[in-house]
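The next block holds one structure in the form of structure tokens; read it before the comments.
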Amino acid sequence: MNTNKSKTKIYCNVSNHDITKKEFKTIQKRMHKNIENDGLIQNQEKFLFEGEKLKDVIEKDKIYLDSVSITFEQIAGRLETLIEKFYHMENLHYSKTKKLQNNYIIEDKYEINYDDKQNFNRQCPFQNVELDNIYYGYSHYGKFSIINLQNKKQIQIDTVQIHMIKCHNFFGGPKSSQRL
Ligand SMILES: [Zn+2]
């Protein structure tokens with residue numbers, strides 16, 4: 001008999017293959033109810049809506065990415081690079097002017113806006129804080145919007161989402177406005 005029943009092994013360095021059915025259900029429930037591991041209700045939109053199944057969403061996205069030969073890591077890596085460049089520009093600007101600015105053009109192609117009022121620090125719903133209490137977003141809370149100036153397409157993202165794409169292959173539920 002399993003005496004360690006209440007403990008789960010899920011945390012952010014476990015690949016999806018090693019997450020059990022039961023653990024997936026726990027994560028899915030956190031996303032549906034929008035609760036963090038410590039039970040606090042988050043004042044923001046859900047990662048996943050009722051009726052949306054976490055495993056199905058991840059599998060469907062994987063099939064699509066395979067069909068276009070792109071990996072989750074490539075997408076997350078590209079987003080990380082853009083955010084790093086944003087902070088590099090911010091540092092340069094601040095050292096010159098002693099002022100902060102929320103908007104920069106990166107690589108002559110992307111306009112990145114940072115809004116610290118739009119969102120809160122979000123915890124990764126895959127995480128078991130008892131085993132692993134690192135914060136997987138940047139320490140900045142807020143939301144980035146990235147606009148491609150050539151085709152005017154825009155995405156909105158926070159850094160926990162980038163972590164989830166990279167480590168959990170999760171872009172968000174189909175009904176979520178925050179899905180990438
Ligand atoms: Zn995570």
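Some observations on this one:
- What the Cβ-Cβ distance of ASN103 and ILE70 gives, at R0 = 22 Å and to the nearest 0.05, is a FRET efficiency of 0.20.
- Hydrodynamic estimate: the Kirkwood radius of the chain over Cα pairs, inserted into Stokes-Einstein at 4 °C and 1.567 mPa s, corresponds to D of 73 µm²/s.
- Counting Lys and Arg as +1 and Asp and Glu as -1 over every other residue whose Cβ lies under 11 Å from the Cβ of TYR110, the net charge comes to +1.
- Simple spin-label estimate for TYR94 and LYS25 in nanometres, 7 Å along Cα-Cβ: 4.7
- Potential lengthening of the chain between TYR135 and LYS55 amounts to 26.4 nm, from the contour at 0.36 nm per residue minus the alpha-carbon distance.
- Helix axis angle, 21-33 relative to the chain longest principal axis, alpha carbon, degrees: 50
Here, each number is a calculation from the coordinates, and none is a lab measurement. Only a predicted model underlies this, so the values are computations on that prediction, with no experimental measurement involved. When we count neighbours, we look across all protein chains shown, and the Cβ atoms used for this are built from the backbone with ideal geometry, even at glycine.
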